[in-house]
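Below is one structure, written out as structure tokens, with a few remarks after it.
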Amino acid sequence: MSDTLENITTIGVLGAGQMGAGIAQVAAQGGFTVLLADVSQARADAGKAGIAKQLGRLVEKGKLAAEARDAILGRITAVVGAAGLAPGDFLVEAATENIELKKQLFVELDRAARPGVILATNTSSISITLIAAVTGRPERVVGMHFMNPVPVMKLVEIIRGLQTADDTYQLTLALAHKLGKTTITSKDCPGFLVNRILIPLINEAGFALQEGLGSAEDIDTGAKLGLNHPMGPLELADLIGLDTCLAIADVLHRELGDDKYRAPNILRMHVAAGWHGRKTGRGFYNYASKP
Ligand code: CAA
């Protein structure tokens, strides 16, 4: 059992995309040994290479010593699949926002992890209760929702499923704090707190764009200079990934049953076209010419 923070030395992260790599980076910077898994060694290696690039920028800016970067990277091992995370003392799933995929991955994580090890999910909208129910340890399953970009954003939203035990919740809170994050706690309800607020904003910006109320730049500048948001909703959607935004919007719409959560057609069409935002080089904006 990994029932105290002191017993957690190795954190396993399943999914080496932008969120998983960010979580792995923060965990390694926090002094933990990290196992970073994806479906193939190549994808896990690419996730680690992305972390090396991020840390390299910090070194260039004089914010991190080269030796410290090497030590952080030395604590991260890229592995394959849930089975590669078996030695972990605390596992975080950060795969694509798809319910069937997450259920499958939790069956695999449950099989791989030692009894008592907490299985956390970074889901941004899917029910923790539902995910926990496919495992043989529902009381050890919890939501641990990091924000993007993980190394910069202070918040972690903790979500208790119906079955989540008190000590699971407390240990997850303590771990998030040890990683230098501030926490909020949400009930297990579609979108939790942050995306319940954010996704309607992004949807509405999409409706404004498709209705021709203003250009993407006008909409984003309105939010930045008129509301003091660090990024406009459309550029933020591009950062999060339009596929992820649409997946969350569809969960909110379907599960809450209110048309106010419906996604604008323009978002659906961008996703259908493969314009998923920064990660594909094109979303509401075109990044092909940008570094
Ligand atoms: N990874 C690591 N560090 C990053 C980064 C990334 N992807 N992007 C920026 N940074 C760092 C920069 O290196 C820089 O660090 P220093 O100050 O140490 O030099 C710092 O962040 C500021 O970056 P920039 O100067 O380049 O640009 P900025 O001041 O415009 O900040 C930003 C960039 C932090 C992304 C800022 O625009 C911002 O806060 N945007 C809003 C992000 C946000 O709302 N995220 C939540 C999304 S919702 C979510 O994630 C939940 C969900 O489920 C969808």
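In table form, for the structure just shown:
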| item | result |
| --- | --- |
| Cα gyration tensor category, rounded, prolate or oblate, for the stretch 118-180 with a/c compared to 1.5 | oblate |
| The chain: C-alpha gyration tensor shape, a/c 1.5 cut-off, then a/b vs b/c | oblate |
| Farthest positive-ward along the chain dipole, Cα basis, beta-carbon charges - from ALA112, GLY212, ALA247 | ALA112 |
| Degrees separating the helix 166-178 axis from the principal Cα axis of the chain, which is the longest one | 70 |
| Extension gain from GLU108 to GLU6, taking 0.36 nm per residue of separation minus the Cα-Cα distance | 34.1 nm |
| Charge dipole magnitude, Cβ of K and R +1, D and E -1 - the stretch 29-115, Cα centre, debye nearest 20 | 260 |
| Magnitude of the charge dipole, the chain, Cβ model with Lys/Arg +1 and Asp/Glu -1, debye to 20 | 520 |
| Placed amide H near THR121: partners under 5 Å, 5+ positions off or other chain | GLU93, VAL142, GLY143, MET144 |
| Linear extension gain, ALA46 paired with VAL194, 0.36 nm per residue minus alpha-carbon span | 50.4 nm |
| For HIS229, residues with placed amide H under 5 Å, excluding near neighbours | LYS224 |
| Lysine pair count for the stretch 1-148 [Cα-Cα under 23 Å; pairs on different chains or 8 or more apart] | 5 |
| Principal-axis tilt of helix 99-112 within the chain, Cα atoms, nearest 10 degrees | 10 |
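Values in this text are rule-based calculations from the coordinates and carry no lab data. What you are looking at is a predicted structure, and each value in this text was computed from that prediction instead of being measured. Backbone-built Cβ (ideal geometry, glycine too); neighbour counts: all protein chains shown.
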